[in-house]
Amino acid sequence: MKKGRILVVDDQEQILESLNAILSDESHEVICARDGQEALHIVQSDAPDLVFLDIWIPGIDGLQTLKAIKRIDPNCAVVMMSGHGTIETAVKAIKLGATDYLEKPLNLEDVLHLVDKAIAGRSRSNKNRESLAGFPGSIIGESPMATGLTAALEDAAACNQNIWFVGEKGTGKEFLARLLHHMEGKDRDSLIKLRCRDLTGENIDDVMQAYKTRLTQGRHKRVDSGTFLLVRVDKLDGSLQDQFAQSISSLNSIDKAWTDRTGRMKLRIVCTSVLEPKELTERHDFPAVLADALGQKIIRVPSLRDRAEDIPLLVQHFLQEAVSEFDRNLEGADDEAMRCLRSYSWPGNIKELKILMEHVVMTAAGPLIQMHDLLIPKNGDSELTDAEEDMSSDGSVVAEELKSVVRVSEIPGLRGITDTTVESLSRSTYQKTLRGRVVMYGQGLHSGIKTGLTISPMPPSTGIVFGQITSGGTVPALISHVESTGFSTSLKRNGSLARTIEHLMAVFHVYGLTNLLVKISGEVPIMDGSALDFCDLVENAEIITQDEPIEPIKITEVFELPQEAGSTKSLRVEPSDCLEVDYYLEYPPPVGVMRKVFRCETPIVFKNEIAPARTFGFVKDMRMMDEMGLAGGGRLSNVILMDDEKVINPPLRFTDEFVRHKILDIIGDFYLLGRPFIGKIVARLTGHTENIAMLKIISEKLGIM
C-alpha cells in the first residue's frame, strides 16, 4: 500500500499524539495542527492526502474548515471526528464533502481502514494541485526587494548547490523553498520535509534512517529529482548537532549517485533558519562543516517592513484567497485601513498579514475593510499614542491621563501607607513589558463570536489596560473597575467592557508583566478553556525588563472574609514567602472532594501545573447560561462538561483538574490589586465573587478605596 501524507487537526494533545503514533508506525507522514487556520495553511503548503478533522476546534470550526479544504483541494479526503456527534452533524459534514465521520474514542481498525481507502483513492485519481495547475504561488510584489528575491530564486534553480534561506519569522522561507522545488520541475512527492525541532536524542537515529530510506526508495522508483527540506536548522538541539552532521554527511553517497548524465544534482538539500549561519557557528557552536555544507548558497529573505510598497498587492492577494475559501464578499480596504496596513511594522511579516486577512474576511461587515476591522493600531508603531488616543472616543481626555490613571505611585499601597499589612521588600521587582505587539485569534466563551486580541508594550508605570478594538474606550485592570463576577471576572469603565479576563491576568501575574495594552472585542478569547495558549503567546514574544521598580504587595498578617450564616464558603490570606494558594473543593459527583496547595515559585511551574487546567461546568448550568445568552462559545473542546455521573468529554488533563482551575482563577483575580501578590490564599468553595470581596478588604485596609 502506498504511504500517504496525513494531517490531523485537533486541539486535544492526546488525540494528536495517539494518531501520530498509530499512523507513523504504518510509515505514513503525519502533520499535526491545533486549529482551523493552521490546518488551512498546511493544506495549501503540504497538500495532504487525508485530513482527520475534529468538529470542535478553536477559531474556524471544523465544518468551516472542511468547506475551505474542499475549495483548496477538492480531491483531499477529509474524515470528521467528534466526541459528541449527532446524525444531523454527520449528514451535514458528508454533504459538505467529508469522506466519513468517526466518533471518539476512535477505533484503531476504522482509522487504518479509512487511511488505506483514502490513499488508494488519491492514487487512482492521480491528481494533485501541482500536477494539474502547477504550484499555485509566486513572489507577490514589485519592489526592488521582491524582484531581487525572484532573481535569487532563479539563480538558485540554475545552480548545483545546497540552499539556505535566512529570514525573520513569517517571511515565507518554507514557501520559497517549495517554490524553488517547483521551479526545478520537481513533483510534490519528491519534496521531503524534516522539522529539525522535532528531533530528540531518542528519535534522531530512527528519523534520519527513515528519511534516508525514503530518499533511496524514491531513486529506485525513478523519481526524476528531489528536495530534502530542513525546516529551522537553528532549532536543532545543541546536543544533537554533531550527530545530525554525520547523518547529513551520509547523504553524500546519495548525492553523488543521484545525478544525471550532465552531473546536475538531483537531490538538493534546502534549509531554513531565523539565525544567520555565521551567528550559529560563532555563538551557538553549530558545526562549521555542517553550516558550509548546507549553506553553499545563502538567500536572505527580506522582512515585510523592508518592502512596504508591496503591502497593497499582498493585501489584495490574501484577501482574494480568503474570500474564495470562506465564501465571503469583500472587495478591498478603504484608504484609512490601507494607510494603517502600510504603516504597521509587521513583526510577524507576511504570515501575520495573511492570518490577519483571514480574520478580517471572517469578521468584517464589508464590502470594504475599515480601520475598526483591523487588529492593529492606527499609527503603526506609536504604542503610547494609540493608547492615549483610545482613552476617550471624543478626545476629551488628555493624553497624560493614560499614565496618571495607573501611575505606580497611585497603585494600591504605594503612597502614604504605614500599615504593617504591606511590607516593603529589601529589593524591588522591576516592571516588565513585551518588546513588540502580539496577536491571537479565538472565540468568546460567553458571546460565542469569533474574536481576537492584541497585546502591545507600554511605558513604565502604565499598568495593565484593556481597550476596545472597535471603539476608543479603555479600562484599567484594577479592582475599582470590576463590573461583574457571576461566571467570570469583567471590567467596565465609561461603557468600555472587558469580559473573561481572569486567565490572561493570571499569566500576566505569574510572568511579571506589568505594563501592557490589551485590545479585545469585549471579551478575551476562551481558547481551550485554560491559560496555556496565553503562556505560549507571551513566551514566544520577548519579555523585557524596564527601568522602573514595582514593589509587590506582601501580606504580613491574616485577613479573613466575613462568613455568612450557614455558608460553607471561606477565604483568608496570610503571610507566605511567595504567591501560594491552598484550595479545598467539594462538588457533587463526578467532581467530589479535592484539595491542592500550589506554590507559584516560577512561571514554568505554573505553566506545567496550573495553566493547563480548563474551565468546567455541569450540563444543567450550561443550559441555564445558554438561556441567559452566556454560553454561546461553549464547546466540548474548551469546557469540561459533566452530568450527574461522569465527565462527558474525557480525558482530564489532571485527576484534580477542577481544583487546579479554581487556583488559576484566583491567581488572575488577585492581580487586580495592580501589583504582584505575595501571600498565602486559603480558599474553600469560593469563586470570583469571594475573590473580589477579599481584594476590596485588602484595598480598603490600604486606604485607597
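The values are calculated or read from the model by the stated rules, or taken from the named source; none is laboratory data. Please read these numbers as outputs of a predicted model, since none were measured by experiment. Backbone-built Cβ (ideal geometry, glycine too); neighbour counts: all protein chains shown.
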Only one of these is among the hydroxyl-bearing types (Ser, Thr, Tyr) and not in a loop (DSSP other than H, G, I, E, B): Ser530, Ser456, Ser488. Name it.
Ser456
For the structure I just gave you, tell me whether Leu517 is modelled with pLDDT of 75 or more, part of a helix (DSSP H, G or I) and not charged (D, E, K, R).
no
Output the residues belonging to the range 277-320 that are in a loop (DSSP other than H, G, I, E, B) and either closer than 18 Å to Ile139 by Cβ or in contact with a strand residue (DSSP E or B) (Cβ under 6 Å, 6 or more places away or on another chain) (or both).
Gly295, Val301, Pro302, Ser303
Of these, Thr99, Thr147, which one is crowded, with 17+ Cβ neighbours inside 10 Å and modelled with pLDDT of 80 or more?
Thr99
Take the conditions within 35 Å of the chain's Cα centre (by Cα) and crowded, with 18+ Cβ neighbours inside 10 Å and apply them to Leu537. Does it pass?
yes
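With the requirement that a residue be over 27 Å from the mean Cα position of the chain (by Cα) and surrounded by 21 or more Cβ atoms within 10 Å (Cβ to Cβ), what does the range 165-185 give you? Before you say what the answer is, go through the steps one by one.
Keep residues of the range 165-185 that are over 27 Å from the mean Cα position of the chain (by Cα), which gives 180-185.
Of everything in the range 165-185, those that are over 27 Å from the mean Cα position of the chain (by Cα) and surrounded by 21 or more Cβ atoms within 10 Å (Cβ to Cβ) turn out to be Leu180, His181.
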For the range 28-52, enumerate the residues that are more than 19 Å from the chain's Cα centre (by Cα) and at pLDDT 85 or above.
His28, Glu29, Val30, Pro48, Asp49, Leu50, Val51, Phe52
Just for strands (runs of 3 or more DSSP E) wholly inside the range 548-605: which have at least 1 residues that are among the polar types (S, T, N, Q)?
570-574
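Rundown of residues vs (1) outside the structural domain of Arg499 (by TED's automatic domain parsing); (2) of a type outside the set (Lys, Arg); (3) surrounded by 23 or more Cβ atoms within 10 Å (Cβ to Cβ); (4) modelled with pLDDT under 65, yes/no style:
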site: Val438; (1), (2), (3), (4): no, yes, no, no
site: His446; (1), (2), (3), (4): no, yes, no, yes
site: Lys450; (1), (2), (3), (4): no, no, no, yes
site: Val465; (1), (2), (3), (4): no, yes, yes, no
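Can you name the strands (runs of 3 or more DSSP E) wholly within the range 1-57 that have at least 2 residues being over 25 Å from Asn203 (Cα atoms) and in contact with a Gly (Cβ under 9 Å, 6 or more places away or on another chain)?
Values: elements: 5-9, 29-33, 50-54.
Per the criteria, 50-54.
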Residues Leu571, Leu579, Leu561, Leu585: which one is under 30 Å from the mean Cα position of the chain (by Cα) and of a type in the set (A, V, I, L, M)?
Leu579
Looking only at residues in the range 218-232 that are at pLDDT below 80 and farther than 13 Å from His181 by Cβ, which one is surrounded by the most Cβ atoms within 10 Å (Cβ to Cβ)?
Gly218
Do we have any residue at all in the range 43-50 that's in contact with a Phe, Trp or Tyr (Cβ under 7 Å, 6 or more places away or on another chain) and buried (at least 18 other Cβ atoms within 10 Å of the Cβ)?
no
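The rows are residues; the columns are (1) in a helix (DSSP H, G or I); (2) at pLDDT below 90; (3) of a type in the set (Gly, Ala, Ser); (4) not assigned by TED's automatic domain parsing to the domain that holds Asp292.
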{"residue": "Pro136", "(1), (2), (3), (4)": "no, yes, no, yes"}
{"residue": "Leu153", "(1), (2), (3), (4)": "yes, no, no, no"}
{"residue": "Gly201", "(1), (2), (3), (4)": "no, yes, yes, no"}
{"residue": "Gln209", "(1), (2), (3), (4)": "yes, yes, no, no"}
{"residue": "Thr216", "(1), (2), (3), (4)": "yes, yes, no, no"}
